[in-house]
Amino acid sequence: MTAIARAVEEASPHGIAAAVARLITSGDLAPGDRLPTVRELAADLGVSPATVSHAWQALSSVGLIISRGRSGSFVMATPRKWLPPRFQGLAGQLEATRLDLSTGTPDPLLLPALGPALSRVSMRAGTASYLDQPVIPELEAVLRSTWSYEVEAVTVVDGALDALSRAMEITVRFGDRVVVEDPGFPPIFDLLDHFGAVRVPVGLDADGMRPDLLEEALTLRPTVIILQPRAQNPTGRSLTKARAEELARVVRRSRHASDAIIIEDDHSGEIAATRDVSLGAWLPDQVIHIRSFSKSHGPDLRIAAVGGNTEIIEQLVARRILGPGWTSRMLQTMLHDLLTDSTSVSEVNDARRVYRARQRKLSEALGRAGLTVAPADGINTWLPVADERTAVVRLAAAGIRVAAGTPFQAGQAGQGGLAGPGGHFVRVTAGLVRDDFDSVASSLAAAAWP
């Protein structure tokens, strides 16, 4: 209790919660440590028990402490051991909150209705042979007709992360250097750690991965380059066609990595406001392009398409034969229906417009609150903050949950000019803000720069 009392600079719920959060982050309070009771700490600080109780609620809502009834409150141990390391940083907590903007998931109210597509699926889940083609012909035709470049081969797998894992399994060997975006998507880093690869972080600007930093990174002879062409997670940046062509030119002229494989994760394609772009338009033999339908049509559909040269796609398909075999043809039939039915297409188009409007409204509201943040693409917004932990705790106290920025950092904080002073930021799922933009923006601004 003495350590906590000394650390408290402001005897308010925010000040007490921030002080305890700093002690947990520094290790002065370890997992499993028992905290003083609300009444004990309130008496020591000279505040009401309600003040300490609100601080404890804020810390609990972001998973830093846990209440065990009469046994007291304790510093939380690392949750969910079955999750990979950086996934744990994204997992969030089970406690309810007023507005959860930490998830990175689409608004369920903006997903297309599945009823009509379900009604047209076969009554029985049969298949003529375990060795049938892994993609139903009608779905493959639709995918090819909408691909951003003329691709040799296309297959379907169980979501974007399954596609990334399969692609890395083919292209990444232990000890290989792999170029990644910084900041980037934490599960990509977890996958690379699993394969024993060495990450080479490359910073971003408003148009995506910076060509000058990529050129420098290629001198390290990476075998793979991983990027998100649209609605990059966490920043919401999208490649322009000019930037994609410039990146392709950098790769082609490199003496060290001109044959590097490029894995593109187009995870939010159908709801991104920008047009589809791929380095495959200039380097078709080197690109594995992944298009996920989770954000646009439903995360639980677990479907993503993968396109690339025939040799790579056939290796991927052959390996899956020895595992799941294929992605459910019933789900493929549903996806084909959703991609071709006029009502479903209109629903996805409407969702794209709504997300774009929400990003614009939140950006404008942040501007009125004193923060200049350009509207992002897709559903996520990257918000620079003075101190990450303080911002997360203050927002939790206001009933808003956001994702801490640390798991998204591939290298040194702030590389590429995308972090605030000290390299601190949080990811905000702006696509889940349906109304009251000024109130949300005011809370974000107050927490970001207290």
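The values are calculated or read from the model by the stated rules, or taken from the named source; none is laboratory data. Quick caveat, the model's predicted, so the values are computed rather than measured. Because the Cβ atoms are built from the backbone with ideal geometry, glycine has one as well, and the counts that use them run over all protein chains shown. The area values use the complete protein model at the heavy-atom level, side chains included, leaving out ligands, DNA and RNA. Shrake-Rupley method; radii C 1.70, N 1.55, O 1.52, S 1.80 Å.
Selection within the range 131-149: residues that are out of contact with any Ser or Thr (no Cβ under 9 Å at 6 or more places or on another chain) and either open to solvent by less than 50 Å² (accessible area, probe 1.4 Å) or part of a helix (DSSP H, G or I) (or both). The member of this set that is farthest from V287 (Cα to Cα) is P137. For the range 167-199, give me each residue that is in contact (Cβ under 8 Å) with a residue 40 or more places away in the chain, in a strand (DSSP E or B) and more than 17 Å from the chain's Cα centre (by Cα). Matches in the range 167-199: R177, V178, V179, R199. Based on this model, can you work out whether A365 counts as small (G, A, S), closer than 30 Å to R98 by Cα and surrounded by fewer than 22 Cβ atoms within 10 Å (Cβ to Cβ)? Yes, satisfied. Of A391, A386, A376, all but one fail to be open to solvent by less than 40 Å² (accessible area, probe 1.4 Å), modelled with pLDDT under 95 and closer than 22 Å to V428 by Cβ; the exception is A391. Within the option set R221, R230, R237, being assigned to a loop (DSSP other than H, G, I, E, B) and more than 26 Å from P407 (Cβ to Cβ) holds for one residue only, R221. Working only within the range 206-251, note down all residues that are touching a Ser or Thr at 6+ places or on another chain (Cβ under 6 Å) and surrounded by fewer than 20 Cβ atoms within 10 Å (Cβ to Cβ). If the condition is that a residue be touching a Ser or Thr at 6+ places or on another chain (Cβ under 6 Å) and surrounded by fewer than 20 Cβ atoms within 10 Å (Cβ to Cβ), then D207 is the only one that fits. Residues in the range 276-310 that are among the hydroxyl-bearing types (S, T, Y) and either part of a loop (DSSP other than H, G, I, E, B) or farther than 20 Å from I136 by Cβ (or both): S278 only. Can you work out which of the residues in the range 253-271 that are touching a Pro at 6+ places or on another chain (Cβ under 9 Å) and in a loop (DSSP other than H, G, I, E, B) is surrounded by the fewest Cβ atoms within 10 Å (Cβ to Cβ)? Selected residue: H256. So in the range 150-166, with the set limited to residues that are open to solvent by less than 10 Å² (accessible area, probe 1.4 Å) and in a strand (DSSP E or B), which one is farthest from W282 (Cα to Cα)? The selected residue is V157. Looking across the range 336-353, the residues that are in contact (Cβ under 8 Å) with a residue 40 or more places away in the chain and either of a type outside the set (A, V, I, L, M) or out of contact with any helix residue (DSSP H, G or I) (no Cβ under 6 Å at 6 or more places or on another chain) (or both) come down to H336, D337, T340, D341, T343, S344, E347, D350, R352. Working carefully through the options G92, G104, G32, find the one that is in a loop (DSSP other than H, G, I, E, B), open to solvent by less than 50 Å² (accessible area, probe 1.4 Å), more than 30 Å from L339 (Cα to Cα) and at pLDDT 75 or above. Criteria check complete, one pass: G32.
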